[in-house]
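For reference, the structure discussed in these notes is given below.
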Amino acid sequence: MIRLHHVSKSYRTSTRPALDDVTVDVEKGEFAFLIGPSGSGKSTFLRLLLREEVPTAGDVYVAEWNVGKLPQRRIPQLRQRVGCVFQDFRLLPNKTVTENVAFALEVIGKPRRTIRKVVPEVLELVGLEGKSDRMPNELSGGEQQRVAIARAFVNRPLVLLADEPTGNLDPDISQEIMVLLERINRTGTTVLMATHDHAIVDSMRRRVVELNLGQVVRDEARGVYGVGR
Amino acid sequence: MRASFVFGEVATGLRRNVTMTVAMILTTAISLGLLGSGLLVVRTIDRMQQDYYQRVETVVYLSADLSANDTGCTSSTCSALRGQLESTPGVQSVIFESRQAAFARFQRIFQGQPELLQLARPEALPASLRVQLSDPARFPSIAKAFTGKPGVDRVTDQGEYLRQLFRALNGLRNATFVIALIQALAALLLISNTIQLSAFTRRTEVGVMRLTGASRWYTQLPFLLEAVVAGVVGAVLAVVGLVVGKVAFVDRVLAGVFEAAIVPRLGYGDIFSVAPILLLVGAAVAALTGYLTLRLYVRT
């Protein structure tokens with residue numbers, strides 16, 4: 001589902017490449033953690049998958065798309081099938097929970113009938129069915145992240161990318177978010193999550209890809225955050 | 001494409017930057033108003049030129065000898081000249097005016113000044129061939145061809161002093177256009193700025209739209225339409241301004257001039273025939289500016 005083949009990425013502002021000859025395969029339906037210290041290349045990895053960046057060398061594949069070579073006008077098709085959530089939620093502050101989730105469908109031109117049907121369904125999936133008319137600032141951090149996940153998932157993406165989704169949340173809430181991501185993973189969606197969170201990685205016992213200085217230093221099927229750390 | 005969604009975004013955008021929106025609309029309106037004034041001046045000048053040049057003649061004065069002896073353009077020299085003039089392209093009609101006819105006209109023109117009439121003798125006035133040109137611009141070639149021919153004293157063009165008048169009017173028109181152009185530049189920069197500001201205040205929305213796979217049109221059309229709305233509203237204000245200007249200024253100040261038919265009257269029809277041009281220019285320029293701004297400054 002996700003395949004990086006000898007991918008390097010250099011930024012003009014830095015002498016050291018952000019990613020250096022990285023080759024990683026993530027199968028359809030897999031749940032994988034992308035770990036490593038700040039500056040190790042996790043965010044670049046995710047940005048390449050969304051075509052926010054283009055690789056300097058190598059090929060990036062998501063589903064059937066060769067992402068780096070995708071023509072400009074087809075980028076939206078890719079992004080419609082790849083959901084993403086961030087540490088800072090990125091909700092629209094002047095829209096309700098329902099409107100925030102519906103926004104993702106409105107902007108890709110889904111008919112109103114479909115939107116009215118699927119938005120409540122996904123809100124139920126993330127456990128926010130009673131809070132659909134709240135504004136984001138009336139919600140806790142965990143609830144806001146649930147809205148963001150609902151928004152990312154509402155169009156049933158093939159892949160869900162999560163960039164430190166628990167970075168702003170305390171441990172209990174983080175665990176709840178992980179339960180939610182697992183639930184989404186069980187629907188067949190491939191989940192790739194970049195994180196610093198030892199506890200979560202250790203408790204989940206899922207595949208771990210560790211980056212350091214832009215290189216893959218470890219790739220374990222049922223890994224923990226770090227040996228001896 | 002969901003129209004209600006796009007128009008909702010446009011309304012939000014215009015409301016959120018209301019001061020910039022107002023500035024953008026006013027500048028556009030002034031610019032288009034000046035453009036419209038320029039176009040109206042052009043129309044008036046064109047009409048005046050038609051009017052005036054129709055009345056104006058090129059005159060081929062005949063030599064003293066012909067003037068004295070030929071009273072009906074029957075001599076071979078005169079009839080040859082007449083024939084040549086008539087067969088010259090651009091000549092509409094040629095009328096012979098004998099010395100006697102010229103004197104009669106002189107008497108008619110100066111009938112209020114008897115002392116002048118007493119002094120005048122028909123011998124002082126030459127006979128002439130009065131030529132009506134379909135295109136006054138042809139005068140130089142005719143002057144060149146006929147000056148110095150046997151029987152011709154000199155060729156004059158009444159249009160010459162009109163040309164000076166029109167040079168002044170054209171200068172006025174050009175000045176209006178230059179100011180319109182400068183103002184248009186200010187309008188363009190303001191539109192560009194407003195769109196950037198609008199894109200900045202909505203960067204979260206735009207970011208979400210990009211990441212959820214909204215097409216370029218979905219993301220950018222609202223901004224583009226904001227610019228177009230400003231352009232169109234500006235054009236409408238410009239037309240209103242022109243109407244007000246006509247009623248409050250032109251009609252009053254130039255009432256006498258219109259009355260005397262020196263300058264053709266400016267009608268509402270003129271303004272409304274300029275209006276679609278202003279609307280089109282306003283909308284097109286705003287859209288183009290918007291498009292370029294988005295291309296240059298806003299990531300997709």
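Being at pLDDT 95 or above, within 13 Å of chain B (Cβ to nearest Cβ) and closer than 29 Å to A:Met1 by Cβ is the requirement here; does A:Val107 meet it?
Values: at pLDDT 95 or above: no; within 13 Å of chain B (Cβ to nearest Cβ): yes; closer than 29 Å to A:Met1 by Cβ: yes.
Judged against the criteria, A:Val107 is not a match.
Which residue out of A:Val101, A:Val122 is more than 11 Å from chain B (Cβ to nearest Cβ) and in contact (Cβ under 8 Å) with a residue 24 or more places away in the chain?
Working: A:Val101 fails: more than 11 Å from chain B (Cβ to nearest Cβ).
Result: A:Val122 is the single residue among A:Val101, A:Val122 that is more than 11 Å from chain B (Cβ to nearest Cβ) and in contact (Cβ under 8 Å) with a residue 24 or more places away in the chain.
Could you tell me whether region A:208-215 includes any residue that is closer than 24 Å to A:Arg90 by Cβ, touching a Leu at 6+ places or on another chain (Cβ under 8 Å) and open to solvent by 40 Å² or more (accessible area, probe 1.4 Å)?
Within region A:208-215, not a single residue is closer than 24 Å to A:Arg90 by Cβ, touching a Leu at 6+ places or on another chain (Cβ under 8 Å) and open to solvent by 40 Å² or more (accessible area, probe 1.4 Å).
Counting only residues that are more than 14 Å from A:Leu211 (Cβ to Cβ), of a type in the set (D, E, K, R) and open to solvent by less than 40 Å² (accessible area, probe 1.4 Å), how many does region A:30-55 have?
Qualifying residue count, region A:30-55: 3.
This table checks each residue for (1) over 36 Å from the mean Cα position of the chain (by Cα); (2) open to solvent by 50 Å² or more (accessible area, probe 1.4 Å); (3) not β-branched (Val, Ile, Thr).
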residue: B:Cys78; (1), (2), (3): yes, no, yes
residue: B:Pro89; (1), (2), (3): no, yes, yes
residue: B:Gln92; (1), (2), (3): no, yes, yes
residue: B:Ala124; (1), (2), (3): yes, yes, yes
residue: B:Leu129; (1), (2), (3): no, no, yes
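Are any residues in region B:29-71 β-branched (Val, Ile, Thr) and open to solvent by less than 10 Å² (accessible area, probe 1.4 Å), and if so, which ones? I'd like the intermediate steps shown before the answer.
Looking only at region B:29-71, we keep the residues that are β-branched (Val, Ile, Thr), and these are B:30, B:41-42, B:44-45, B:56, B:58-60, B:71.
Those that are β-branched (Val, Ile, Thr) and open to solvent by less than 10 Å² (accessible area, probe 1.4 Å): B:Ile45, B:Thr58, B:Val59, B:Val60.
Go through region A:56-74 residue by residue and tally those that are part of a loop (DSSP other than H, G, I, E, B) and either within 14 Å of chain B (Cβ to nearest Cβ) or open to solvent by less than 20 Å² (accessible area, probe 1.4 Å) (or both).
Counting residues in region A:56-74 that are part of a loop (DSSP other than H, G, I, E, B) and either within 14 Å of chain B (Cβ to nearest Cβ) or open to solvent by less than 20 Å² (accessible area, probe 1.4 Å) (or both) gives 3.
A:Ile115: within 12 Å of another protein chain (Cβ to nearest Cβ), open to solvent by 10 Å² or more (accessible area, probe 1.4 Å) and in contact with a Phe, Trp or Tyr (Cβ under 9 Å, 6 or more places away or on another chain), yes or no? Lay out the reasoning, then the answer.
Details: within 12 Å of another protein chain (Cβ to nearest Cβ): yes; open to solvent by 10 Å² or more (accessible area, probe 1.4 Å): yes; in contact with a Phe, Trp or Tyr (Cβ under 9 Å, 6 or more places away or on another chain): no.
Judged against the criteria, A:Ile115 is not a match.
Would you mind finding the one in B:Leu279, B:Leu296 that is open to solvent by 40 Å² or more (accessible area, probe 1.4 Å) and more than 21 Å from the chain's Cα centre (by Cα)?
B:Leu296
Of the conditions (1) surrounded by 19 or more Cβ atoms within 10 Å (Cβ to Cβ); (2) modelled with pLDDT under 95; (3) under 24 Å from B:Glu9 (Cα atoms), A:Leu92 fails just one. Which one is it?
A:Leu92 satisfies all of (1) surrounded by 19 or more Cβ atoms within 10 Å (Cβ to Cβ); (2) modelled with pLDDT under 95; (3) under 24 Å from B:Glu9 (Cα atoms) except (1).
Report yes if some residue within region B:237-254 is open to solvent by 50 Å² or more (accessible area, probe 1.4 Å), more than 14 Å from chain A (Cβ to nearest Cβ), touching a residue at least 60 places away in the same chain (Cβ under 8 Å) and assigned to a helix (DSSP H, G or I); otherwise report no.
The answer is yes; a qualifying residue exists.
Only one residue in A:Ile149, A:Ile177 is in a helix (DSSP H, G or I), without any contact (Cβ under 8 Å) to a residue 40 or more places away in the chain, touching a Gly at 6+ places or on another chain (Cβ under 9 Å) and among the β-branched types (Val, Ile, Thr). Which one?
On the way: A:Ile149 fails: without any contact (Cβ under 8 Å) to a residue 40 or more places away in the chain.
One residue alone meets the criteria, A:Ile177.
Quickly run through region B:177-207 and pick out the residues that are surrounded by 21 or more Cβ atoms within 10 Å (Cβ to Cβ), within 14 Å of chain A (Cβ to nearest Cβ) and of a type in the set (Val, Ile, Thr).
Within region B:177-207, B:Val206 is the sole residue that qualifies.
Does B:Val228 count as open to solvent by less than 60 Å² (accessible area, probe 1.4 Å), more than 20 Å from the chain's Cα centre (by Cα) and modelled with pLDDT of 90 or more?
Values: open to solvent by less than 60 Å² (accessible area, probe 1.4 Å): yes; more than 20 Å from the chain's Cα centre (by Cα): yes; modelled with pLDDT of 90 or more: yes.
Judged against the criteria, B:Val228 is a match.
Check whether at least one residue in region B:161-176 is more than 24 Å from B:Phe96 (Cβ to Cβ), assigned to a helix (DSSP H, G or I), in contact (Cβ under 8 Å) with a residue 40 or more places away in the chain and open to solvent by 70 Å² or more (accessible area, probe 1.4 Å), and report yes or no.
There is at least one residue in region B:161-176 that is more than 24 Å from B:Phe96 (Cβ to Cβ), assigned to a helix (DSSP H, G or I), in contact (Cβ under 8 Å) with a residue 40 or more places away in the chain and open to solvent by 70 Å² or more (accessible area, probe 1.4 Å).
Given (1) more than 9 Å from chain B (Cβ to nearest Cβ); (2) in contact with a Leu (Cβ under 9 Å, 6 or more places away or on another chain); (3) crowded, with 20+ Cβ neighbours inside 10 Å; (4) not in a loop (DSSP other than H, G, I, E, B), where does A:Cys84 come up short, assuming only one miss?
(1)
Yes or no: A:Leu160 assigned to a strand (DSSP E or B) and surrounded by 14 or more Cβ atoms within 10 Å (Cβ to Cβ)?
On the way: assigned to a strand (DSSP E or B): yes; surrounded by 14 or more Cβ atoms within 10 Å (Cβ to Cβ): yes.
Against the criterion (assigned to a strand (DSSP E or B) and surrounded by 14 or more Cβ atoms within 10 Å (Cβ to Cβ)), A:Leu160 qualifies.
Can you name the condition, by its number, that A:Ser174 falls short on among (1) within 24 Å of A:Met1 (Cα to Cα); (2) open to solvent by less than 30 Å² (accessible area, probe 1.4 Å); (3) of a type outside the set (A, V, I, L, M)?
Of the numbered conditions (1) within 24 Å of A:Met1 (Cα to Cα); (2) open to solvent by less than 30 Å² (accessible area, probe 1.4 Å); (3) of a type outside the set (A, V, I, L, M), the odd one out for A:Ser174 is (1).
Would you be able to tell me the number of residues in region B:177-209 that are under 20 Å from B:Ala284 (Cα atoms) and not in a helix (DSSP H, G or I)?
Of the residues in region B:177-209, 0 are under 20 Å from B:Ala284 (Cα atoms) and not in a helix (DSSP H, G or I).
The values are calculated or read from the model by the stated rules, or taken from the named source; none is laboratory data. What you see is a predicted model; the values in this text were computed from it and never measured. Counting neighbours? That spans all protein chains shown, and the Cβs are built from the backbone with ideal geometry, glycine included. With ligands, DNA and RNA removed, areas are computed over all heavy atoms of the protein, side chains included. Shrake-Rupley method; radii C 1.70, N 1.55, O 1.52, S 1.80 Å.
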